[in-house]
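**Student:** Can you read through this structure? Questions will come right after.
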Amino acid sequence: MRRFLVVLDDSKECLNAMRFAAMRAEHTGGDVEILSVIPPDEFNHWIGVGTLMREEAKERIHAHYEVFAKWMMDKHGVDPRLVIREGNVVEEILKRVKENDEIGVVVLGAASGRRGPGPIIAELMRQSASLPVPMTIVPGEMSKERLEQIT
């Protein structure tokens, strides 16, 4: 079975990456793992405040995940798994792929505009030689209809 690893964050292009991963999983008999990474610098406060902020971040992640999970199950029959990590996003993607040999593809959404595809894609491209699976980059501006055509 092929597992698609997709990153859940607050970016607009994340939505297209989720769509693509769910559609490909449905069409190939695979499944989806959703990775959300909390940056460590969000918690560099007093211990009590940092703990509270960490819990709030996890609650936000779970709320977003529930929306995507319900949509994936209802529309595509895919029951995604959620993995939450703390650290550098790219490092955690690399770690997750290396520790789970069921992951066959990393799916990321590319931002549009002058700033490039986004920091995650830019960094992963620099480290792509150490990525043991293919990476699919989904344009953030691609329409749902076009995504359906190509998946």
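The values are calculated or read from the model by the stated rules, or taken from the named source; none is laboratory data. Everything numeric here is computed off the predicted structure, so don't read it as measured data. Please note: Cβ atoms are built from the backbone with ideal geometry, for glycine as well, and neighbour counts cover all protein chains shown.
**Student:** With (1) under 17 Å from Val7 (Cβ atoms); (2) at pLDDT 95 or above as the list, and Asp74 as the residue in question, which single condition is left unmet?
**Tutor:** Only one criterion is unmet by Asp74, namely (1).
**Student:** Then there's this: Among the candidates Lys144, Lys95, which residue alone is of a type outside the set (A, V, I, L, M, F, W, C), within 15 Å of the chain's Cα centre (by Cα) and surrounded by fewer than 16 Cβ atoms within 10 Å (Cβ to Cβ)? Explain how you work it out, then say what you get.
**Tutor:** On the way: Lys144 fails: within 15 Å of the chain's Cα centre (by Cα).
Just a single option satisfies the conditions, and that option is Lys95.
**Student:** Within region 30-47, work out how many residues are out of contact with any Leu (no Cβ under 6 Å at 6 or more places or on another chain) and either of a type in the set (Asp, Glu) or modelled with pLDDT under 95 (or both).
**Tutor:** Total satisfying the criteria: 11.
**Student:** Tell me which helices (runs of 4 or more DSSP H) are completely within region 55-151 and hold 2 or more residues being under 17 Å from Lys12 (Cα atoms) and not polar (S, T, N, Q), or say none if there are none.
**Tutor:** Numbers: elements: 89-99, 119-126, 144-150.
Per the criteria, 119-126, 144-150.
**Student:** Quick one: is Val83 crowded, with 20+ Cβ neighbours inside 10 Å and modelled with pLDDT of 95 or more?
**Tutor:** Values: crowded, with 20+ Cβ neighbours inside 10 Å: no; modelled with pLDDT of 95 or more: yes.
Spelling it out, it is not the case that Val83 is crowded, with 20+ Cβ neighbours inside 10 Å and modelled with pLDDT of 95 or more.
**Student:** For region 98-120, what are the residues that are crowded, with 19+ Cβ neighbours inside 10 Å and within 19 Å of Glu33 (Cβ to Cβ)?
**Tutor:** Ile103, Val105, Val106, Val107, Leu108, Gly109, Ile120
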